[in-house]
Amino acid sequence: MLQGQRILLIVAGGIAAYKCLDLIRRLRERGASVRCVLTRAGEQFVTPLSLAALSEHAVHRDLFSLTEESEMGHIQLSREADLVLVAPATANILAKMAAGLGDDLASTLLLATSAPVMVAPAMNVRMWEHPATQANLATLQGRGIHRVGPAEGAMACNEFGMGRMAEVDDILAAMEAFFGGHGRLAGRRALVTSGPTHEPIDPVRYIANRSSGKQGHAIAAALRRLGADVTLIAGPTLEPDPLGVTVVRVESAADMLAACQAALPADVAVCAAAVADWRVAEPAAGKIKKTAGGKPPVLKLTENPDILATLAAKGPHRPRLVVGFAAETEQVVENAREKRSRKGCDWIVANDVSAAAGTFGGDENRVHLITADGPQATEAWPTLSKREVAERLAERIATALETAS
Ligand code: CTP
(Lines give C-alpha, C1' and ligand atoms only; values in the text may rest on other atoms or scores of the structure.)
Protein backbone atom coordinates (compact mmCIF):
# COMPACT_ATOMS: atom_id res chain seq x y z
CA MET A 1 0.00 0.00 0.00
CA LEU A 2 3.02 2.25 0.30
CA GLN A 3 4.01 1.45 -3.28
CA GLY A 4 4.44 4.66 -5.22
CA GLN A 5 3.69 7.00 -2.31
CA ARG A 6 5.83 10.12 -2.03
CA ILE A 7 6.87 10.72 1.55
CA LEU A 8 8.39 13.97 2.71
CA LEU A 9 10.24 13.09 5.90
CA ILE A 10 11.08 15.91 8.29
CA VAL A 11 13.76 14.88 10.75
CA ALA A 12 13.87 17.11 13.83
CA GLY A 13 16.43 17.12 16.62
CA GLY A 14 15.90 14.17 18.91
CA ILE A 15 17.93 11.12 19.81
CA ALA A 16 15.28 8.98 18.07
CA ALA A 17 16.40 10.47 14.75
CA TYR A 18 18.63 7.42 14.30
CA LYS A 19 15.48 5.30 13.77
CA CYS A 20 14.78 7.34 10.63
CA LEU A 21 17.62 5.66 8.81
CA ASP A 22 15.92 2.30 9.13
CA LEU A 23 12.56 3.89 8.40
CA ILE A 24 13.78 5.31 5.07
CA ARG A 25 15.24 1.95 4.07
CA ARG A 26 12.01 0.12 4.95
CA LEU A 27 9.83 2.70 3.16
CA ARG A 28 11.88 2.35 0.04
CA GLU A 29 11.72 -1.45 0.22
CA ARG A 30 7.93 -1.03 0.11
CA GLY A 31 8.14 1.07 -3.02
CA ALA A 32 7.72 4.54 -1.49
CA SER A 33 9.99 7.42 -2.44
CA VAL A 34 11.40 9.52 0.37
CA ARG A 35 12.70 13.07 0.38
CA CYS A 36 14.25 14.31 3.58
CA VAL A 37 14.29 17.66 5.31
CA LEU A 38 16.72 17.92 8.19
CA THR A 39 16.46 20.62 10.84
CA ARG A 40 19.54 22.26 12.35
CA ALA A 41 18.97 20.34 15.57
CA GLY A 42 18.38 17.16 13.59
CA GLU A 43 21.85 17.49 12.08
CA GLN A 44 23.27 16.97 15.55
CA PHE A 45 21.85 13.43 15.54
CA VAL A 46 22.05 12.17 11.95
CA THR A 47 24.18 13.32 9.06
CA PRO A 48 22.76 14.66 5.80
CA LEU A 49 25.00 12.16 4.03
CA SER A 50 23.29 9.16 5.66
CA LEU A 51 19.84 10.49 4.77
CA ALA A 52 20.90 11.29 1.21
CA ALA A 53 22.53 7.89 0.72
CA LEU A 54 19.47 6.00 1.95
CA SER A 55 16.85 8.15 0.23
CA GLU A 56 18.94 8.65 -2.94
CA HIS A 57 17.88 12.28 -3.00
CA ALA A 58 19.59 15.47 -1.91
CA VAL A 59 18.70 16.41 1.65
CA HIS A 60 17.01 19.78 2.18
CA ARG A 61 18.20 21.88 5.07
CA ASP A 62 18.04 25.57 4.21
CA LEU A 63 15.14 27.83 3.54
CA PHE A 64 17.22 30.34 1.65
CA SER A 65 19.62 28.07 -0.21
CA LEU A 66 20.08 29.01 -3.84
CA THR A 67 21.31 25.57 -4.82
CA GLU A 68 18.49 23.77 -3.06
CA GLU A 69 15.85 26.17 -4.40
CA SER A 70 17.08 25.72 -7.96
CA GLU A 71 16.91 21.92 -7.65
CA MET A 72 13.42 21.94 -6.11
CA GLY A 73 11.78 24.96 -4.49
CA HIS A 74 10.48 24.55 -0.98
CA ILE A 75 6.87 25.16 -2.01
CA GLN A 76 7.14 22.53 -4.73
CA LEU A 77 8.71 20.15 -2.19
CA SER A 78 5.70 20.56 0.05
CA ARG A 79 3.26 20.08 -2.84
CA GLU A 80 4.86 16.95 -4.25
CA ALA A 81 4.22 14.78 -1.24
CA ASP A 82 1.43 12.34 -0.57
CA LEU A 83 2.23 12.51 3.13
CA VAL A 84 4.50 14.67 5.24
CA LEU A 85 5.92 12.68 8.14
CA VAL A 86 7.62 14.45 11.04
CA ALA A 87 9.80 11.89 12.84
CA PRO A 88 11.02 12.51 15.42
CA ALA A 89 8.53 15.26 16.19
CA THR A 90 10.09 17.13 19.09
CA ALA A 91 8.14 19.28 21.56
CA ASN A 92 9.67 22.28 19.79
CA ILE A 93 8.51 21.44 16.27
CA LEU A 94 5.04 20.52 17.55
CA ALA A 95 4.87 23.93 19.27
CA LYS A 96 5.93 25.67 16.08
CA MET A 97 3.32 23.77 14.09
CA ALA A 98 0.59 24.62 16.57
CA ALA A 99 1.57 28.29 16.56
CA GLY A 100 1.99 28.45 12.79
CA LEU A 101 5.63 29.57 12.91
CA GLY A 102 7.75 29.42 9.79
CA ASP A 103 11.29 30.27 10.85
CA ASP A 104 13.18 27.51 9.08
CA LEU A 105 12.70 25.17 6.14
CA ALA A 106 10.87 22.44 8.11
CA SER A 107 8.34 24.74 9.79
CA THR A 108 7.79 26.72 6.58
CA LEU A 109 7.07 23.52 4.65
CA LEU A 110 4.63 22.44 7.32
CA LEU A 111 2.84 25.76 6.95
CA ALA A 112 2.86 25.65 3.18
CA THR A 113 1.85 22.07 2.57
CA SER A 114 -1.62 20.95 1.65
CA ALA A 115 -0.59 17.31 1.99
CA PRO A 116 -1.72 15.30 5.03
CA VAL A 117 0.73 15.42 7.91
CA MET A 118 1.64 12.67 10.37
CA VAL A 119 3.78 13.22 13.46
CA ALA A 120 5.75 10.69 15.50
CA PRO A 121 6.38 12.54 18.77
CA ALA A 122 9.61 11.81 20.66
CA MET A 123 10.69 13.59 23.81
CA ASN A 124 11.41 13.29 27.50
CA VAL A 125 8.42 12.19 29.59
CA ARG A 126 8.14 15.53 31.40
CA MET A 127 8.15 17.43 28.13
CA TRP A 128 5.50 15.05 26.83
CA GLU A 129 3.32 15.54 29.89
CA HIS A 130 3.74 19.31 29.96
CA PRO A 131 0.38 21.04 29.50
CA ALA A 132 1.85 23.13 26.68
CA THR A 133 2.80 20.03 24.68
CA GLN A 134 -0.55 18.40 25.34
CA ALA A 135 -2.40 21.57 24.33
CA ASN A 136 -0.32 21.81 21.14
CA LEU A 137 -1.13 18.20 20.28
CA ALA A 138 -4.82 18.78 20.88
CA THR A 139 -4.67 21.79 18.55
CA LEU A 140 -2.87 19.79 15.87
CA GLN A 141 -5.19 16.83 16.15
CA GLY A 142 -8.13 19.22 15.89
CA ARG A 143 -6.64 20.30 12.57
CA GLY A 144 -6.62 16.71 11.37
CA ILE A 145 -2.93 15.97 11.86
CA HIS A 146 -2.30 12.27 12.32
CA ARG A 147 -0.21 10.97 15.18
CA VAL A 148 1.62 7.71 15.75
CA GLY A 149 2.95 7.06 19.26
CA PRO A 150 4.73 7.93 21.41
CA ALA A 151 5.30 4.72 23.32
CA GLU A 152 6.13 4.14 26.93
CA GLY A 153 9.53 2.84 27.94
CA ALA A 154 13.07 3.54 29.07
CA MET A 155 14.51 6.74 27.61
CA ALA A 156 17.93 7.87 26.58
CA CYS A 157 17.82 10.34 29.51
CA ASN A 158 17.55 7.42 32.00
CA GLU A 159 13.94 8.19 32.80
CA PHE A 160 10.96 5.96 32.17
CA GLY A 161 7.59 6.92 30.77
CA MET A 162 5.69 8.12 27.72
CA GLY A 163 7.72 9.87 25.08
CA ARG A 164 9.75 7.26 23.20
CA MET A 165 9.25 7.56 19.47
CA ALA A 166 7.03 4.80 18.03
CA GLU A 167 9.03 1.90 16.62
CA VAL A 168 9.64 1.80 12.88
CA ASP A 169 7.18 -1.11 12.53
CA ASP A 170 4.45 0.96 14.16
CA ILE A 171 5.17 3.99 12.00
CA LEU A 172 5.01 1.82 8.89
CA ALA A 173 1.76 0.24 10.09
CA ALA A 174 0.26 3.68 10.71
CA MET A 175 1.29 4.81 7.23
CA GLU A 176 -0.11 1.66 5.68
CA ALA A 177 -3.38 2.25 7.53
CA PHE A 178 -3.39 5.81 6.29
CA PHE A 179 -2.90 4.77 2.68
CA GLY A 180 -5.27 1.76 3.08
CA GLY A 181 -8.06 1.15 0.69
CA HIS A 182 -6.27 -1.12 -1.75
CA GLY A 183 -6.08 -4.23 0.41
CA ARG A 184 -7.97 -7.52 0.47
CA LEU A 185 -10.79 -5.96 2.46
CA ALA A 186 -11.18 -2.85 0.32
CA GLY A 187 -14.86 -2.05 -0.09
CA ARG A 188 -15.86 -4.14 2.97
CA ARG A 189 -17.35 -2.66 6.09
CA ALA A 190 -16.23 -3.91 9.48
CA LEU A 191 -17.58 -3.25 12.93
CA VAL A 192 -15.37 -3.89 15.97
CA THR A 193 -16.17 -3.50 19.67
CA SER A 194 -13.31 -3.01 22.10
CA GLY A 195 -12.47 -2.22 25.71
CA PRO A 196 -14.58 -2.46 28.84
CA THR A 197 -17.89 -0.81 29.53
CA HIS A 198 -18.62 1.42 32.52
CA GLU A 199 -21.96 0.94 34.19
CA PRO A 200 -22.91 3.91 36.37
CA ILE A 201 -23.80 3.52 40.06
CA ASP A 202 -24.23 7.24 40.56
CA PRO A 203 -22.71 10.27 38.76
CA VAL A 204 -19.20 9.55 40.11
CA ARG A 205 -19.00 5.77 40.51
CA TYR A 206 -19.26 2.91 38.08
CA ILE A 207 -18.79 -0.83 37.66
CA ALA A 208 -15.98 -1.74 35.25
CA ASN A 209 -13.54 -4.52 34.39
CA ARG A 210 -9.85 -4.87 33.59
CA SER A 211 -10.08 -4.93 29.79
CA SER A 212 -7.46 -2.64 28.21
CA GLY A 213 -8.92 -2.57 24.69
CA LYS A 214 -5.53 -3.55 23.24
CA GLN A 215 -6.80 -6.61 21.38
CA GLY A 216 -9.95 -4.98 19.98
CA HIS A 217 -8.09 -1.86 18.88
CA ALA A 218 -5.39 -4.01 17.26
CA ILE A 219 -8.11 -5.89 15.32
CA ALA A 220 -9.66 -2.63 14.10
CA ALA A 221 -6.21 -1.45 12.96
CA ALA A 222 -5.43 -4.77 11.23
CA LEU A 223 -8.75 -4.79 9.35
CA ARG A 224 -8.08 -1.22 8.30
CA ARG A 225 -4.61 -2.15 7.06
CA LEU A 226 -6.28 -4.66 4.76
CA GLY A 227 -8.41 -1.82 3.40
CA ALA A 228 -11.70 -2.30 5.27
CA ASP A 229 -13.89 0.63 6.16
CA VAL A 230 -13.80 0.12 9.93
CA THR A 231 -16.01 1.51 12.70
CA LEU A 232 -14.61 0.87 16.15
CA ILE A 233 -17.06 1.14 19.02
CA ALA A 234 -14.76 1.65 21.99
CA GLY A 235 -15.55 1.57 25.68
CA PRO A 236 -13.40 3.71 28.00
CA THR A 237 -9.74 2.81 27.25
CA LEU A 238 -6.39 4.55 27.13
CA GLU A 239 -5.63 3.08 23.71
CA PRO A 240 -5.13 5.72 21.02
CA ASP A 241 -7.57 5.80 18.10
CA PRO A 242 -6.22 3.58 15.29
CA LEU A 243 -5.42 5.60 12.18
CA GLY A 244 -7.97 5.67 9.43
CA VAL A 245 -10.66 4.08 11.61
CA THR A 246 -13.95 5.76 12.57
CA VAL A 247 -14.03 5.61 16.36
CA VAL A 248 -17.23 5.95 18.37
CA ARG A 249 -16.51 6.26 22.09
CA VAL A 250 -19.13 4.93 24.49
CA GLU A 251 -19.43 4.26 28.21
CA SER A 252 -22.12 1.69 28.95
CA ALA A 253 -23.25 -1.56 27.33
CA ALA A 254 -26.55 0.06 26.32
CA ASP A 255 -24.64 2.86 24.52
CA MET A 256 -22.36 0.29 22.89
CA LEU A 257 -25.31 -1.67 21.53
CA ALA A 258 -26.98 1.48 20.18
CA ALA A 259 -23.70 2.57 18.51
CA CYS A 260 -23.26 -0.89 16.96
CA GLN A 261 -26.75 -0.87 15.55
CA ALA A 262 -26.18 2.61 14.14
CA ALA A 263 -22.99 1.37 12.43
CA LEU A 264 -24.79 -1.41 10.51
CA PRO A 265 -24.81 -2.71 7.84
CA ALA A 266 -21.42 -4.37 7.99
CA ASP A 267 -19.83 -7.35 6.26
CA VAL A 268 -18.10 -8.47 9.43
CA ALA A 269 -18.58 -7.74 13.13
CA VAL A 270 -15.90 -8.58 15.68
CA CYS A 271 -17.03 -8.28 19.30
CA ALA A 272 -13.85 -8.02 21.31
CA ALA A 273 -15.25 -5.76 24.04
CA ALA A 274 -15.50 -7.02 27.59
CA VAL A 275 -19.07 -5.90 28.01
CA ALA A 276 -20.36 -5.76 31.59
CA ASP A 277 -22.95 -8.49 32.04
CA TRP A 278 -24.94 -6.45 34.53
CA ARG A 279 -25.74 -2.82 35.14
CA VAL A 280 -27.20 -1.07 38.15
CA ALA A 281 -30.96 -1.14 37.66
CA GLU A 282 -31.52 2.42 38.81
CA PRO A 283 -28.35 4.51 39.02
CA ALA A 284 -28.69 7.28 41.64
CA ALA A 285 -29.20 10.77 40.22
CA GLY A 286 -26.95 12.31 42.89
CA LYS A 287 -23.79 11.02 44.57
CA ILE A 288 -24.67 8.31 47.11
CA LYS A 289 -23.57 9.61 50.51
CA LYS A 290 -21.79 7.36 52.98
CA THR A 291 -24.03 8.66 55.74
CA ALA A 292 -27.30 7.89 53.93
CA GLY A 293 -29.17 5.24 55.91
CA GLY A 294 -26.07 4.35 57.95
CA LYS A 295 -25.66 1.04 56.07
CA PRO A 296 -23.72 0.19 52.91
CA PRO A 297 -25.97 0.61 49.87
CA VAL A 298 -27.32 -2.50 48.19
CA LEU A 299 -26.96 -2.37 44.42
CA LYS A 300 -29.75 -4.01 42.49
CA LEU A 301 -28.35 -5.31 39.21
CA THR A 302 -30.13 -6.07 36.00
CA GLU A 303 -28.80 -7.92 32.95
CA ASN A 304 -27.31 -5.97 30.08
CA PRO A 305 -28.27 -6.67 26.49
CA ASP A 306 -25.93 -9.15 24.80
CA ILE A 307 -24.42 -7.21 21.91
CA LEU A 308 -22.82 -10.21 20.23
CA ALA A 309 -26.01 -12.27 20.37
CA THR A 310 -28.04 -9.31 19.09
CA LEU A 311 -25.70 -8.77 16.12
CA ALA A 312 -25.61 -12.52 15.40
CA ALA A 313 -29.40 -12.91 15.44
CA LYS A 314 -30.94 -13.66 12.05
CA GLY A 315 -32.21 -10.59 10.27
CA PRO A 316 -31.72 -8.40 7.22
CA HIS A 317 -28.77 -6.54 8.80
CA ARG A 318 -26.91 -9.55 10.16
CA PRO A 319 -23.24 -9.18 9.12
CA ARG A 320 -22.11 -12.04 6.93
CA LEU A 321 -19.49 -13.01 9.50
CA VAL A 322 -19.95 -12.44 13.23
CA VAL A 323 -16.93 -13.13 15.43
CA GLY A 324 -17.10 -13.23 19.22
CA PHE A 325 -14.52 -13.59 21.93
CA ALA A 326 -14.78 -15.88 24.89
CA ALA A 327 -12.99 -14.74 28.00
CA GLU A 328 -12.58 -17.84 30.13
CA THR A 329 -10.58 -18.79 33.20
CA GLU A 330 -11.13 -22.56 33.01
CA GLN A 331 -12.09 -25.19 30.40
CA VAL A 332 -11.38 -22.48 27.87
CA VAL A 333 -12.17 -24.38 24.65
CA GLU A 334 -15.21 -26.29 25.98
CA ASN A 335 -16.80 -23.15 27.38
CA ALA A 336 -16.04 -21.19 24.22
CA ARG A 337 -17.66 -23.86 22.00
CA GLU A 338 -20.78 -23.71 24.13
CA LYS A 339 -20.73 -19.90 24.00
CA ARG A 340 -20.46 -19.95 20.21
CA SER A 341 -23.62 -21.98 19.81
CA ARG A 342 -25.48 -20.11 22.59
CA LYS A 343 -24.74 -16.70 21.07
CA GLY A 344 -25.25 -17.74 17.45
CA CYS A 345 -21.99 -16.24 16.18
CA ASP A 346 -19.99 -17.83 13.35
CA TRP A 347 -16.55 -17.84 14.94
CA ILE A 348 -15.32 -17.47 18.45
CA VAL A 349 -11.84 -16.58 19.63
CA ALA A 350 -11.27 -18.21 22.99
CA ASN A 351 -8.77 -16.73 25.35
CA ASP A 352 -7.61 -17.58 28.82
CA VAL A 353 -8.08 -14.55 31.04
CA SER A 354 -6.99 -16.17 34.29
CA ALA A 355 -4.54 -14.00 36.24
CA ALA A 356 -1.73 -16.46 35.43
CA ALA A 357 -2.23 -15.98 31.66
CA GLY A 358 -1.82 -12.18 31.97
CA THR A 359 -4.10 -11.55 28.99
CA PHE A 360 -6.09 -8.62 30.42
CA GLY A 361 -3.92 -5.54 30.00
CA GLY A 362 -0.95 -7.59 28.70
CA ASP A 363 0.60 -7.39 25.23
CA GLU A 364 0.33 -11.08 24.35
CA ASN A 365 -2.50 -13.48 23.83
CA ARG A 366 -2.80 -17.21 23.38
CA VAL A 367 -6.03 -18.01 21.65
CA HIS A 368 -8.01 -20.80 20.05
CA LEU A 369 -10.03 -19.98 16.97
CA ILE A 370 -13.26 -21.97 16.74
CA THR A 371 -14.90 -21.68 13.32
CA ALA A 372 -17.54 -24.44 13.43
CA ASP A 373 -18.75 -27.38 15.46
CA GLY A 374 -16.47 -30.32 16.17
CA PRO A 375 -12.84 -30.61 17.24
CA GLN A 376 -11.45 -30.23 13.69
CA ALA A 377 -12.77 -26.68 13.58
CA THR A 378 -10.73 -25.59 16.60
CA GLU A 379 -7.26 -24.20 15.97
CA ALA A 380 -4.77 -23.60 18.76
CA TRP A 381 -2.66 -20.58 17.93
CA PRO A 382 0.74 -20.13 19.54
CA THR A 383 1.39 -17.31 21.99
CA LEU A 384 1.49 -14.19 19.85
CA SER A 385 1.49 -10.46 20.41
CA LYS A 386 -2.02 -8.99 20.35
CA ARG A 387 -1.05 -7.31 17.14
CA GLU A 388 -0.07 -10.63 15.53
CA VAL A 389 -3.32 -12.22 16.71
CA ALA A 390 -5.16 -9.29 15.12
CA GLU A 391 -3.26 -9.62 11.85
CA ARG A 392 -3.89 -13.37 11.59
CA LEU A 393 -7.55 -12.89 12.39
CA ALA A 394 -7.91 -10.10 9.83
CA GLU A 395 -6.33 -12.31 7.12
CA ARG A 396 -8.70 -15.15 8.05
CA ILE A 397 -11.66 -12.79 7.89
CA ALA A 398 -10.54 -11.59 4.44
CA THR A 399 -10.28 -15.20 3.23
CA ALA A 400 -13.71 -16.08 4.62
CA LEU A 401 -15.36 -13.08 2.97
CA GLU A 402 -13.62 -13.76 -0.35
CA THR A 403 -14.79 -17.41 -0.24
CA ALA A 404 -18.35 -16.43 0.67
CA SER A 405 -18.80 -13.89 -2.11
N1 CTP B 1 -20.66 -9.84 24.87
C2 CTP B 1 -21.52 -8.88 24.38
N3 CTP B 1 -22.45 -8.32 25.19
C4 CTP B 1 -22.56 -8.71 26.47
C5 CTP B 1 -21.69 -9.68 27.00
C6 CTP B 1 -20.73 -10.23 26.17
O7 CTP B 1 -21.43 -8.54 23.21
N8 CTP B 1 -23.47 -8.14 27.25
C9 CTP B 1 -19.70 -10.47 23.94
C10 CTP B 1 -18.26 -10.15 24.17
O11 CTP B 1 -17.87 -9.00 23.42
C12 CTP B 1 -17.60 -11.41 23.66
C13 CTP B 1 -18.59 -12.50 23.95
O14 CTP B 1 -19.83 -11.83 24.11
O15 CTP B 1 -17.42 -11.37 22.26
C16 CTP B 1 -18.35 -13.32 25.15
O17 CTP B 1 -18.07 -12.52 26.27
P18 CTP B 1 -17.77 -13.21 27.67
O19 CTP B 1 -17.57 -12.18 28.72
O20 CTP B 1 -16.70 -14.25 27.51
O21 CTP B 1 -19.11 -14.02 27.90
P22 CTP B 1 -20.40 -13.73 28.70
O23 CTP B 1 -21.54 -13.71 27.77
O24 CTP B 1 -20.21 -12.54 29.57
O25 CTP B 1 -20.49 -15.06 29.54
P26 CTP B 1 -19.79 -15.47 30.95
O27 CTP B 1 -19.54 -14.18 31.68
O28 CTP B 1 -20.81 -16.33 31.57
O29 CTP B 1 -18.56 -16.21 30.60
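Taking 8 Å as the Cα distance limit and 6 or more residues as the minimum spacing, I'd like the relative contact order of the chain as a percentage. Present the calculation step by step, with values, prior to reporting the outcome.
Details: 864 pairs, mean separation 43.5, N = 405.
Computed over the chain, the figure is 11 percent.
With R₀ set to 35 Å, the beta-carbon distance separating Arg40 from Ala135 gives a calculated FRET efficiency near 0.90. For the range 6-178, the relative contact order comes to 22 percent (Cα pairs under 8 Å, sequence separation of at least 6).
At a 1.4 Å probe, what is the % contribution of carbon and sulfur to the accessible area of the chain? Working shown, then result.
Values: 10010 of 18960 Å².
Exposed carbon and sulfur together represent 53 percent of the surface.
Partners of Lys300 within straight-line reach, counting lysines whose Cα lies under 23 Å from its Cα and excluding those fewer than 8 residues away in the same chain: Lys287, Lys289, Lys290.
Looking at the range 23-66, which trypsin sites (Lys or Arg not before Pro) are DSSP coil and have at most 13 other C-beta atoms within 10 Å of their C-beta?
Working: sites: Arg25, Arg26, Arg28, Arg30, Arg35, Arg40, Arg61; in loops: Arg30, Arg40, Arg61.
Of the trypsin sites (Lys or Arg not before Pro), the ones in loops of the range 23-66 whose Cβ has at most 13 other Cβ atoms within 10 Å are Arg40.
Just in the range 376-405: which trypsin sites (Lys or Arg not before Pro) are loop by DSSP and have at most 16 other Cβ atoms within 10 Å? Please report the intermediate quantities before stating the final value.
Details: sites: Lys386, Arg387, Arg392, Arg396; in loops: none.
Answer by residue number: there is no such site.
Which far-off residues, 5 or more places away or on another chain, put their amide H under 5 Å from the one on Val119, with H placed in the peptide plane? Answer set, sorted by chain and number: Val86, His146, Arg147, Val148.
Would you mind counting up the charge near Met256? Only other residues with Cβ under 14 Å from its Cβ, with Lys and Arg at +1 and Asp and Glu at -1. Write out the running numbers ahead of the final one.
Details: positive: Arg249, Arg279; negative: Glu199, Glu251, Asp255, Asp277, Asp306.
After counting each charged neighbour, the total is -3.
Here r is the Cβ-Cβ distance between His317 and Arg79 and R0 is 60 Å; the resulting FRET efficiency, rounded to 0.05, is 0.85.
Tell me the per residue accessible area of the chain using a 1.4 Å probe; a whole number in Å² is fine.
Values: 18960 Å² over 405 residues.
About 47 Å² of surface per residue is accessible.
The values are calculated or read from the model by the stated rules, or taken from the named source; none is laboratory data. The model shown is predicted, which means the values in this text are computed figures rather than measured ones. Note: ideal-geometry Cβ built from the backbone for every residue, glycine included; neighbour counts use all protein chains shown. Heads up: the accessible areas ignore ligands, DNA and RNA and are worked out on the full protein's heavy atoms, side chains in. Shrake-Rupley method; radii C 1.70, N 1.55, O 1.52, S 1.80 Å.
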